[in-house]
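The values are calculated or read from the model by the stated rules, or taken from the named source; none is laboratory data. Bear in mind that the values here come from a model prediction, so they are computed numbers and not experimental data. Cβ placement follows ideal geometry from the backbone for every residue including glycine, while neighbour counts extend to all protein chains displayed. Quick note on the areas: whole protein, heavy atoms, side chains included, nothing else; ligands and nucleic acids left out. Shrake-Rupley method; radii C 1.70, N 1.55, O 1.52, S 1.80 Å.
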Amino acid sequence: MMTSVKELVRPPSGRAVGIFKVDIDKRWCDCGEFQALHYPCSHVIAACSFIHHDYMMYVSSKYTLQCIFDVYKEEFPAIPLQSYWQEYNGTELCHNLAMRRDPKGRPQCTRIHTEMDQREKNTHPNRN
Ligand SMILES: [Zn+2]
């Protein structure tokens, strides 16, 4: 069932008030929030109120406590002592020493000085 919802209050996001088409059966709203979040936007809540539907039935099961409990239902294996770890035989990567930054002070300037820099240096009153 397609419903048209007219906003009466300017939304906090700053956009202008508008008229939005809502299709509750297809779980679709013009604003796109309902499809993206799987959670009723203000337009869907208004449309549900108009047809005396409980909007909570359109909240995705992803938002339920049971879903969160199911995520953490799996047990995490304990990490054994390091002496029980198997020896690593894979590829070893090393950092490039040339890329190493001087740990103290400011990084050195790598800018290439040009003819323009020379001219500025000569015309500066304090440096002559
Ligand atoms: Zn909407």
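Structure notes:
- The Cβ shell under 11 Å around residue 18 holds other residues with a net charge of +2, Lys and Arg each +1, Asp and Glu each -1.
- For the chain: rounded, prolate or oblate by the Cα gyration tensor [a/c cutoff 1.5]: oblate
- Within the chain, the longest segment free of exposed loop sites, counting GluC sites (Glu not before Pro) that fall outside DSSP classes H, G, I, E and B and have at most 14 other Cβ atoms within 10 Å, spans 1-73.
- Cβ-Cβ FRET estimate between residue 73 and residue 37, R0 fixed at 22 Å, reported to 0.05: 0.35
- Normalised by the number of residues in region 2-64, the average gap of Cα pairs under 8 Å and 6 or more apart makes the relative contact order 25 percent.
- For residue 51, net neighbour charge (Lys/Arg +1, Asp/Glu -1) across residues whose Cβ lies under 13 Å away: -3
- Helical content alone sets the calculated 222 nm signal of the chain at -6000 deg cm²/dmol, taking -39,500 (n - 2.57) per DSSP H segment of four or more residues and averaging over every residue.
- Measuring nothing but protein heavy atoms, the accessible surface of region 31-118 at 1.4 Å probe radius is 58 percent carbon and sulfur.
- Amide H contacts of residue 5 (H built 1.01 Å from N, under 5 Å, at least 5 apart or other chain): 20, 21, 22
- Nearest-10 value in Å² for the accessible area of residue 42, using the 1.4 Å probe: 80
- Computed extension length for residue 27-residue 83: 14.6 nm, one decimal, from 0.36 nm per residue of separation with the Cα-Cα distance subtracted.
- Average accessible surface for region 2-64: 69 Å² per residue, computed with a 1.4 Å probe over protein heavy atoms with every protein chain in place.
- Taking 7 Å steps out from each Cα toward its Cβ at residue 6 and residue 92 produces label points 7.5 nm apart.
- Cut-off of 10 Å, at most 16 other beta carbons, DSSP loop: longest stretch of the chain lacking such trypsin sites (Lys or Arg not before Pro): 28-72
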